[in-house]
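Just below is one structure, and these are the notes that go with it.
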Amino acid sequence: IITLSDLECDYINARSCCSKLNKWVVPEVIGHAVVTVLMLISLHWFIFLLNLPVATWNIYRYIMVPSGNMGVFDPTEIHNRGQLKSHMKEAMIKLGFHLLCFFMYLYRLVSKIASQ
């Protein structure tokens with residue numbers, strides 16, 4: 001979010017912004033897929049079903065990068081067609097989702113410890 005807002009205010013150029021953001025795309029996809037699979041293996045169905053659409057979206061977004069682009073974030077297209085606003089909105093939604101998940105996981109951890 002901070003990197004995208006810096007680009008929006010012209011504090012950094014599009015190429016450096018996209019290179020910073022693209023280096024985190026693959027770890028995000030792998031990390032979210034691992035967490036989703038772990039929830040499936042441990043039979044936490046609600047949390048698995050909550051994580052499945054986000055993991056699917058991350059994988060879809062990574063797979064559907066057009067050939068010739070630098071990555072999910074491309075410096076030549078980030079200012080065109082309102083992509084900057086959509087990337088900013090997506091980042092805010094992901095922040096809210098991860099904040100919700102953090103408190104759900106924390107609640108489960110505390111309730112599990114208290115029941116022992």
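The values are calculated or read from the model by the stated rules, or taken from the named source; none is laboratory data. Predicted model, so just to flag it, every value in this text is computed and none were measured. Cβ sites come from the backbone with ideal geometry, for glycine too, and all protein chains shown count toward neighbours. Ligands, DNA and RNA are excluded from the accessible area calculation, which covers all protein heavy atoms including side chains. Shrake-Rupley method; radii C 1.70, N 1.55, O 1.52, S 1.80 Å.
If you go through the stretch 97-116 and pick out every residue that is open to solvent by less than 80 Å² (accessible area, probe 1.4 Å) and within 18 Å of residue 24 (Cβ to Cβ), you end up with 2.
Within the stretch 69-99, being outside the structural domain of residue 6 (by the TED database) and among the aromatic types (Phe, Trp, Tyr) holds for one residue alone: 97. Using the structure shown, decide if residue 66 is in the same structural domain as residue 8 (by the TED database) and closer than 21 Å to residue 10 by Cβ. So residue 66 does not fit the description; no.
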